[in-house]
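Chemist: Below is the structure I would like to discuss, written out as structure tokens.
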Amino acid sequence: MSLPYRPLDRPVQFLKGVGPRRSALLGKLGLVTARDVLYHVPRRYEDASTIRPIRTLEAGMDATVVGRIVSQGVLPTRKGLRIFQVVLRDRSGLIECAWPGQPFLDRVFRPGDLVLATGTVRFFHGRQLQPREYVILARAGESAGAEVGAVFPVYPATEGLPQWQMRKLIRANLEDLLRDLAEEGDPIPAEVLDRHGLPPIEVALRFLHRPESLVEAEQGRRRLAFDELFYLQLLHARTHHEQSVERRGIAFERRDTLMRPFYRNLPFQLTRAQKRVLREIGEDMASDRRMHRLLQGDVGAGKTVVALMAMLRAVENGYQAALMAPTEILAEQHVRTLRSLLGELPVRVQLLTGRMGAAARRQALRAIASGEAQIVVGTHALIQEGVRFHRLGLAVVDEQHRFGVRQRLTLAEMGGGDGDPEPDVLLMSATPIPRSLALTLYGDLDLSVLDERPPGRRPVRTALRPPSARTAVLEFVREQVRAGRQAYLVFPLVEESEAMQLKAATDEFEHLSREVFPELRLGLLHGQMPGEEKDRVMREFAAGKIDVLVATSVVEVGIDVPNATVMVIEHAERFGLSQLHQLRGRVGRGGEQSYCVLLQAHPGAIERLRLFASTEDGFRIAEEDLRLRGQGDLFGERQSGIPAFRFADLSRDASLLIAARSEARRLVEDDPSLTDHPRLAHELEQRYGEQARLYQTG
């Protein structure tokens, strides 16, 4: 929707002190309208409480000072190095500042400029400050404004538009811009802001541009962080409402004709987490609202059993269930697992993959179309032309992040024909991610988490070893193979990098085959191999025809080999913690004690790897990964197209995110089309545009 023209939408060149030439420079910073300038907030602040009077400085101190330039010049040295120097004066005294090798600064500074400088004080013919950072707060003859003595904002700037000019420009226009913003009105309802102690938007931006303290600056940041999180959650909430409320779902009754005997015959007890998740799924499936749920489970947490019980709920109500897996070997593995768990129960599990022969495929398609196949397991072959379900009631997608949005959506739409309700959807992921990240990436889904392992499963022993221990580690691999076990050797690259001196899978495969393990059967697996060759190698390893699999991280998902007991990871510092956790999860799947050995070539990651070695809790590891690597590196394909956050930080704004999600869902429940909130609808359109409409399709 569109709203009337607003003053903040005027071109930036019509602001005070801008004009055509400076507007081009502002354009390099992405500042095209007056609104852009208002939201061009400082990237950091210098707190005046940390600024020291010049006369108190002593050699060895690390200090920040503010003073006017009394004199400046470039001094040559006997070694040919040119040093730019200024003398700064504040009310307490004078100090010399020196920038070795930066004579060009003589064209940047002017006598009389007010300068903030941070650096180390040393003794050189008297006291001298060598600045690491500096900011020109005001030009000669100009006042620095009311911020002096409080907090100094430091803005993103560009060549031709230095820091002092940016500060002057924003200071000259700030009051007018804030008045225009207040006249527009705050898009987010006042009661929402009050519930969470957030200031109105014009107050928040004043806090950011002219804070009297760092506390005020943080209050402003929190408000803008809430806005980012709230509008994304609003997008999620509208999608969730469209998927689960506006589309008619199936109300599955609890018949217990299959689920009760299945549960009674299980050879193990379900964990508390599995029972909790089954209740959540059961409530969804009993409702006539369409289930759209993500099931997260750590390695070995028992997602398959939970998914099977959900599928049995559909089958005992006369519907079919489909399970889509990313690889043929994983689909075949699921079929074996499901048939084993079902035992003598009268449920037909049908496999459908692209490798099936023509006759077998025709037979499978007939069984699916007639309803004779009650549970259908397959790859993307499930969504290819010619596949017709008799009555699909539940679509389960395993390792859902390995599929595109369109592929997941296509499977979910393969029921619901002729006006019938559409099938429930259960997405599964074995990659633990922090709750804050899950709500950000998958806020349109309801979340269930399996955060508990079945009892009796042996923990994998994890060891951190230096490169000098590599020979001993490889000898340990040989011992395990001689004892009838199998092993993985994982490398970060396919081919060796001379510049980075990293061992790589293809080079090491040749070396290990000829010189280290000539008596063993080795296999090579990496992502650049053709799909059929990758499948062949994985099948041979699973069948025990390969003793040691030399691979890249392509093995982190999709292979279940209970006989594999050793995972050796070369250059472990090159992998993220969550990726290491997935690799470690490839072992420990049988009854034997298993081991994960991290060979670390670079000492810089020692603390991170020690933390990993100390725990098998995938969610704790994921939280630490988010803290260390930042949210940008962790956003996967689901995040594609969604702008990166400028203000929100998922590692510290988790409570703000939960509040934003709650408020967005409450608002959409009352006003799904945002008819009563035109400003919110307009802001959502402005932030997400066409994506806001496309996103609701999947």
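The values are calculated or read from the model by the stated rules, or taken from the named source; none is laboratory data. Quick caveat, the model's predicted, so the values are computed rather than measured. Counting neighbours? That spans all protein chains shown, and the Cβs are built from the backbone with ideal geometry, glycine included. For accessibility, only protein heavy atoms count, side chains too; no ligands or nucleic acids. Shrake-Rupley method; radii C 1.70, N 1.55, O 1.52, S 1.80 Å.
Chemist: Are any of the residues in segment 662-685 of a type in the set (S, T, N, Q), farther than 15 Å from VAL192 by Cα and either at pLDDT below 85 or open to solvent by less than 40 Å² (accessible area, probe 1.4 Å) (or both)?
Modeler: no
Chemist: Answer yes if at least one residue in segment 607-627 is closer than 18 Å to PRO189 by Cβ, open to solvent by less than 30 Å² (accessible area, probe 1.4 Å), modelled with pLDDT of 85 or more and touching a Leu at 6+ places or on another chain (Cβ under 7 Å), and no otherwise.
Modeler: Checked against the condition, which is being closer than 18 Å to PRO189 by Cβ, open to solvent by less than 30 Å² (accessible area, probe 1.4 Å), modelled with pLDDT of 85 or more and touching a Leu at 6+ places or on another chain (Cβ under 7 Å), segment 607-627 yields no hits at all.
Chemist: Please find, among LEU81, LEU57, LEU38, the residue that is of a type outside the set (Phe, Trp, Tyr) and in contact with a helix residue (DSSP H, G or I) (Cβ under 9 Å, 6 or more places away or on another chain).
Modeler: Among LEU81, LEU57, LEU38, only LEU38 is of a type outside the set (Phe, Trp, Tyr) and in contact with a helix residue (DSSP H, G or I) (Cβ under 9 Å, 6 or more places away or on another chain).
Chemist: Looking at the structure I just gave you, is ILE250 in contact (Cβ under 8 Å) with a residue 12 or more places away in the chain, under 30 Å from the mean Cα position of the chain (by Cα), crowded, with 22+ Cβ neighbours inside 10 Å and not in a helix (DSSP H, G or I)?
Modeler: So ILE250 does not fit the description; no.
Chemist: Condition test on ALA659, is it buried (at least 16 other Cβ atoms within 10 Å of the Cβ), part of a helix (DSSP H, G or I), modelled with pLDDT under 75 and of a type in the set (A, V, I, L, M)?
Modeler: No.
To keep it simple, each residue is scored yes or no on (1) more than 20 Å from LEU342 (Cα to Cα); (2) polar (S, T, N, Q); (3) modelled with pLDDT of 90 or more; (4) touching a His at 6+ places or on another chain (Cβ under 9 Å).
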residue: ILE368; (1), (2), (3), (4): no, no, yes, yes
residue: ARG388; (1), (2), (3), (4): yes, no, yes, no
residue: GLY393; (1), (2), (3), (4): no, no, yes, no
residue: HIS401; (1), (2), (3), (4): yes, no, no, no
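Chemist: In addition: Filter segment 528-537 for residues that are open to solvent by less than 50 Å² (accessible area, probe 1.4 Å) and either at pLDDT 95 or above or out of contact with any strand residue (DSSP E or B) (no Cβ under 7 Å at 6 or more places or on another chain) (or both) and give the result.
Modeler: The answer is MET529, GLY531, ASP535.
Chemist: Something else now. Pairs needed: first member in segment 84-98, under 16 Å from PHE123 (Cα atoms); second member anywhere, among the basic types (Lys, Arg) and buried (at least 17 other Cβ atoms within 10 Å of the Cβ); C-beta distance under 6 Å; at least 6 residues apart or different chains.
Modeler: The qualifying pairs are ILE95/ARG127.
Chemist: I'm told GLN130 meets every condition in (1) open to solvent by less than 20 Å² (accessible area, probe 1.4 Å); (2) over 37 Å from the mean Cα position of the chain (by Cα) except one. Can you identify the failing condition by its number?
Modeler: Against the list (1) open to solvent by less than 20 Å² (accessible area, probe 1.4 Å); (2) over 37 Å from the mean Cα position of the chain (by Cα), GLN130 comes up short only on (1).
Chemist: Considering only segment 423-472, how many residues are open to solvent by less than 40 Å² (accessible area, probe 1.4 Å), under 21 Å from LEU278 (Cα atoms) and of a type in the set (D, E, K, R)?
Modeler: 3
Chemist: Let me ask something additional. Hey, does segment 292-307 have a residue that's in contact with a helix residue (DSSP H, G or I) (Cβ under 9 Å, 6 or more places away or on another chain), over 20 Å from PRO455 (Cα atoms), outside any strand (DSSP E or B) and not basic (Lys, Arg)?
Modeler: Among the residues of segment 292-307, not one is in contact with a helix residue (DSSP H, G or I) (Cβ under 9 Å, 6 or more places away or on another chain), over 20 Å from PRO455 (Cα atoms), outside any strand (DSSP E or B) and not basic (Lys, Arg), which makes the answer no.
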